[in-house]
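Any read-out appearing in this document is the output of simple, stated calculations on the displayed coordinates, not a laboratory observation. No experiment lies behind these values; they were computed from the predicted model shown. No Cβ is skipped: glycine too gets one built from the backbone with ideal geometry, and neighbour counts run over all protein chains shown.
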Amino acid sequence: METVNCKSLAMPPARTCTPGSHGMSEPPGTVTAKLRISSKLDPERPLAPQAPISRFYTALVTGDLRSLQVLTERHHLDVNLVFEISKNELEWQVTSQASYGLSGLWALEERRELSTPLCLAAQHGHPDCLRHLLRRGAHPNLAPGGHGPLHRACQGGHSHCLELLLEYRADPNLRSDQGTAPLHLCTSPGSLRCARLLLRHGAAVELPSEAGGDRALHVAARHRLCGHAGLYLRRRARVDARNARGETALGVLCGQPPGPGDDSLQLFQLLAAHGADLEARDEGWRRPLHRACGAANAGLARLLLQRGADANAIDYDGVSPLGWALQGAASHRDLRPHVTVQLLLNHGSQRIWPPAFVKVLKSCAAVPEVIEVLFNSYSQIPVSQEWAEAMPEEVFQQHRPFYESLLGLAGRARCLQHLCRSAIRRRLGSRCHALVPLLPLPRALRDFLLLEPQGVLL
């Protein structure tokens with residue numbers, strides 16, 4: 001069940017919203033009435049309670065304008081009412097640290113949320129209901145729950161609702177209780193018109209969020225929204241503005257794993273065309289290439305390397321992009337992290353110290369393609385019994401043909417074909433990526449020279 005307490009705001013007759021206010025509007029006084037309703041609203045099943053307050057709430061959520069008009073005009077319900085919504089949610093609570101892991105239990109945790117009629121109508125995308133409320137004096141900046149109507153409209157990408165609110169002088173730079181402006185909540189492709197309307201009505205494109213210091217361009221980069229980023233850059237957003245962690249928009253973008261059909265590559269080209277610094281370091285000295293490699297984003301890593309990013313740059317902890325790629329490989333198995341490792345090695349990345357290879361084996365054993373690519377980048381590297389002990393038994397069994405071929409090289413020299421590959425790669429150096437494709441060789445041999453994994457070691 002969900003409990004809704006309705007607080008009617010005692011708004012003074014002369015009180016109006018103040019355009020340009022950057023804080024949350026606070027209700028001056030309340031009269032409280034309590035109501036219990038079902039936790040899920042079904043338009044085909046009206047709520048059991050038939051009190052006007054209950055029907056008011058239902059009309060706002062379902063967009064029932066006719067009922068809303070009757071309730072506000074006949075029953076004189078306050079359009080600045082505050083709904084206090086209490087929800088019981090299951091939450092896992094840890095009770096003790098057991099030898100086999102965390103011990104705990106599922107418990108009902110009460111969550112409370114404050115909302116207003118305007119917020120509910122904007123959140124659910126009902127512009128007709130919103131217009132009716134605004135005409136009857138609803139406060140466009142009232143946000144007792146921390147997010148105002150503009151924030152809710154942006155979250156849902158409801159541009160028609162947002163346009164109405166702005167016409168009634170809602171503050172486009174109003175901050176939520178978390179320090180975010182409406183522009184920071186334009187995080188979906190469908191919110192582009194919302195962002196455009198906000199900027200047209202005076203939203204500050206360079207306004208940082210209070211918590212992380214993100215500008216609108218950082219948000220667009222984090223959500224891979226090329227259209228939004230282009231809009232902000234046309235509005236003179238600084239391409240290399242930094243947030244509280246010292247990240248630029250390009251750094252934020254490169255830290256995102258690739259997704260199907262996203263605009264990451266197009267967004268990268270856009271930021272680069274506007275002069276984004278490809279070597280900008282954040283507070284941990286991480287560069288965009290570190291971030292792309294750690295996220296197994298081979299597409300962005302390739303673009304960075306093609307534009308001259310340093311494959312051997314180190315961060316504050318002395319970790320190179322290759323180190324980041326290896327550290328994140330196991331958690332990004334579905335993203336083919338070996339491709340990023342290949343790219344780095346073919347662009348002249350320094351390899352790890354051979355005695356430390358066993359550490360890579362421990363962390364990346366579940367991704368044998370990474371082990372194969374890295375192992376083949378050496379002309380010869382001694383295989384020890386410690387390697388066999390480093391691999392979990394289930395991983396060894398899952399990839400048995402590969403690991404049997406690896407351990408079978410203990411005390412043996414590599415084959416002549418591999419030694420020839422190593423000699424050619426040593427000769428070409430950091431230009432392997434550019435020169436190998438020019439060699440008059442069959443495609444299979446070129447792939448072999450570029451460390452394409454074969455599934456076994458020879």
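The distance linking the stretch 126-180 with the stretch 340-412 is 56 Å (Cα centroid to Cα centroid, whole angstrom). Of the peptides 314-326, 438-450, the order by per-residue mean of other Cβ atoms within 10 Å, starting with the highest, comes out as 314-326, 438-450. For the pair Leu265 and Ala330 in one chain, pulling the backbone fully straight at 0.36 nm per residue adds 21.0 nm over the alpha carbon distance. At full extension, Leu435 and His76 could sit 121.4 nm farther apart than now, given 0.36 nm per residue minus the alpha carbon distance.
Multiply the residue gap between Arg136 and Ala273 by 0.36 nm, knock off their C-alpha separation, and tell me the result in nm, one decimal place. Don't skip to the answer; put the middle values down first.
Numbers: separation 137, 0.36 × 137 = 49.32 nm, distance 4.86 nm.
Stretched out fully, the Arg136 to Ala273 stretch lengthens by 44.5 nm.
If the viscosity is 1.002 mPa s and the temperature 20 °C, what translational diffusion coefficient in µm²/s does Stokes-Einstein give for the stretch 341-458 when Rh comes from Kirkwood over Cα pairs? Stokes-Einstein gives a translational diffusion coefficient of 145 µm²/s. Divide the volume of the convex hull around the Cα atoms of the stretch 395-458 by the residue count and you get 104 Å³ per residue.
Taking amide H positions as modeled 1.01 Å from N, with prolines and chain starts lacking one, the residues under 5 Å from Asp214 and 5 or more places away or on another chain are Ser209, Ala244.
Over the C-alpha trace of the stretch 156-261, radius of gyration and Dmax come out as 13.2, 40 angstrom. Across the stretch 326-405, the relative contact order, built from alpha-carbon pairs under 8 Å that are at least six residues apart, equals 34 percent. Under the simplified labelling scheme, the Asp317-Leu458 pair shows an inter-label distance of 3.8 nm, with each label point 7 Å from Cα along Cα→Cβ. Global dimensions of the stretch 285-363 from alpha-carbon coordinates: Rg and Dmax equal 11.5, 33 Å.
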